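The structure appears right after this line, and notes come after that.
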Amino acid sequence: DLNIKENEKVILSVSEFIPRKNYQTMLKAIAELSKTRDDFKYVLCGTGELLEDMEVLARELKIEDRTLFLGYRKDIDKIMSLSDIFYHQSYHEGLTMGIMEAMHFSLPAVVSDVRGNSDLIDENGGILTSPNDIEGQVKALNKLLDDETLREKQGAYNKEKIKDYYLENVRGELKKIYQENSLI
């Protein structure tokens, strides 16, 4: 349905289109990446106040053939399962559900080195970059696009690491903390 060719890798972003999510920088990095390769699609899922502006920016950057704006989706699981890299460059976060879902689906990640993101992703599961470092992001994306073994290794690591955040494990940890502090 998405018209992605078999030889194309999928870079995925899932979040709200608001200023702190930094889509403008990500689209500029994708434009730079597109100058040297044509073996990927950038898939963007979400809605928000900046969605139309980012669609216009993609046209201005001449990457509309590389980008797919899918809007709000109820089938993120299917989209994640066909993706190769999760890409998220927000300026600040808590614990990002999009990253957590990507980890569950064994995706390596290129994310901004900010609190929340760096709590989830380390060098074993992806590449941390500065949110405004277009060159660094392009380098990180190229590295993962070029190395299937690295993508698989980081994805497998993320799949295992995210289990610590599964609800049943978090409940167990909270119960232990409450018991140790005589709260229950």
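List of remarks:
- Of all residues in region 1-36, those being of a type in the set (Ser, Thr, Tyr), in a helix (DSSP H, G or I) and over 22 Å from Glu148 (Cα atoms) number 2.
- Top-ranked residue in region 61-100 [being among the aliphatic types (A, V, I, L, M) and in a loop (DSSP other than H, G, I, E, B); ranked as nearest to Asn158 (Cα to Cα)]: Leu95
- Apart from one condition, Val111 fits all of (1) open to solvent by less than 60 Å² (accessible area, probe 1.4 Å); (2) without any contact (Cβ under 8 Å) to a residue 40 or more places away in the chain; (3) touching a Lys or Arg at 6+ places or on another chain (Cβ under 9 Å); the exception is (3).
- Checked against the criterion of being open to solvent by 80 Å² or more (accessible area, probe 1.4 Å), more than 25 Å from Asn142 (Cβ to Cβ) and among the basic types (Lys, Arg), region 76-88 has at least one qualifying residue.
- Scanning region 37-60 for residues that are part of a loop (DSSP other than H, G, I, E, B) and open to solvent by 20 Å² or more (accessible area, probe 1.4 Å) yields Arg37, Asp38, Asp39, Thr47, Gly48, Glu49, Leu50.
- Index of the failed condition, Met100 passing every other in (1) touching a Phe, Trp or Tyr at 6+ places or on another chain (Cβ under 7 Å); (2) touching a residue at least 40 places away in the same chain (Cβ under 8 Å); (3) surrounded by 19 or more Cβ atoms within 10 Å (Cβ to Cβ): (3)
- Considering region 10-32, and only residues there that are of a type in the set (D, E, K, R) and open to solvent by 30 Å² or more (accessible area, probe 1.4 Å), the residue that is farthest from Ile134 (Cα to Cα) turns out to be Glu16.
The values are calculated or read from the model by the stated rules, or taken from the named source; none is laboratory data. Remember, it's a predicted structure, so these values are computed and weren't measured experimentally. Positions of Cβ are backbone-derived with ideal geometry, glycine not excepted, and every protein chain shown enters the neighbour counts. Side chains are part of the model used for accessible areas, which takes the heavy atoms of the whole protein and leaves out ligands, DNA and RNA. Shrake-Rupley method; radii C 1.70, N 1.55, O 1.52, S 1.80 Å.
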